[in-house]
1. Determine, yes or no, whether Phe122 is outside any helix (DSSP H, G or I) and out of contact with any Leu (no Cβ under 9 Å at 6 or more places or on another chain).
2. Do we find a residue being among the β-branched types (Val, Ile, Thr), closer than 23 Å to Trp133 by Cβ and at pLDDT below 95 anywhere in segment 40-54?
3. Which of the residues that make up segment 55-88 are β-branched (Val, Ile, Thr) and either under 16 Å from Ile146 (Cβ atoms) or modelled with pLDDT under 95 (or both)?
4. Among Ala144, Ala98, Ala92, which is small (Gly, Ala, Ser), under 18 Å from His31 (Cβ atoms) and in contact (Cβ under 8 Å) with a residue 40 or more places away in the chain?
5. Tell me the residue from Val75, Val137 that is more than 16 Å from the chain's Cα centre (by Cα) and in a helix (DSSP H, G or I), please.
6. So if I check each of Ala91, Ala97, which one is assigned to a helix (DSSP H, G or I), modelled with pLDDT of 95 or more and closer than 25 Å to Lys115 by Cβ?
7. Within the set of pairs 6+ apart or on separate chains, which have a first residue in segment 43-70 that is closer than 19 Å to Cys94 by Cβ, a second that is part of a helix (DSSP H, G or I) and at pLDDT 65 or above, and C-beta atoms under 6 Å apart?
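The values are calculated or read from the model by the stated rules, or taken from the named source; none is laboratory data. Since this is a predicted model, take the numbers as computed values, not measurements. In this analysis, Cβ positions are derived from the backbone assuming ideal geometry, glycine residues included, and neighbour counts consider all displayed protein chains.
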Amino acid sequence: MIIFNHGLTGAVIALKVRNPFLALPLSFVSHFAQDLLPHTDYFAGKNDEHLFSRKFFVLLVFDCLLSLSLLIALVILFPTHRWLIWACMVAATCPDAAQGYYHLYLGRIKKKKIKFDPLSKFHYSLQWAESGWGGLVEIAWAIAGIFIILSLR
């Protein structure tokens, strides 16, 4: 899933659970559960070279800005839960940040052969459902998550 949907799910968990000892691990685990669903990345089905294209970078920056806009809106709507929302959004997105570390830093900058840790291997194995039509699942997920959050207001 794209960063926005992972972050949105973390925010929903933060606002529904409201207990950091439960919400943070649930947000982290939600990332893996979401990656089991049909979803898209920006270049579903292509090799890793797309990770270094200008188009990928533009889409990634847009996704991050959209996620930051979500965080700002939620902090305004739910100021008493701002830190938990932020922490759960980070927890829900951090497995993808680890992938960025491996592919960009180790693979591209350091020019090392990528050797994934066990958790990252597990995460990578869940990406079987990436497809172009997975974007429809992403859109439906975003709409549902936004409606859930609005119903909590």
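1. The answer is no for Phe122.
2. Residues of segment 40-54 that are among the β-branched types (Val, Ile, Thr), as a first pass: 40.
Applying the additional criterion that residues be closer than 23 Å to Trp133 by Cβ yields 40.
Now drop any that are not at pLDDT below 95, which leaves 40.
Looking through segment 40-54, at least one residue is among the β-branched types (Val, Ile, Thr), closer than 23 Å to Trp133 by Cβ and at pLDDT below 95.
3. Within segment 55-88, Val58, Val61, Ile72, Val75, Ile76, Ile85 qualify.
4. So the residue among Ala144, Ala98, Ala92 that is small (Gly, Ala, Ser), under 18 Å from His31 (Cβ atoms) and in contact (Cβ under 8 Å) with a residue 40 or more places away in the chain is Ala92.
5. After applying the criteria, what remains is Val75.
6. Every option except Ala91 fails the conditions.
7. Listed pairs, sorted by first residue: Leu51/His103; Asp63/Ile3; Asp63/Phe4; Leu66/Phe4; Ser67/Ile3; Ser67/Phe4; Ser67/Gly7.
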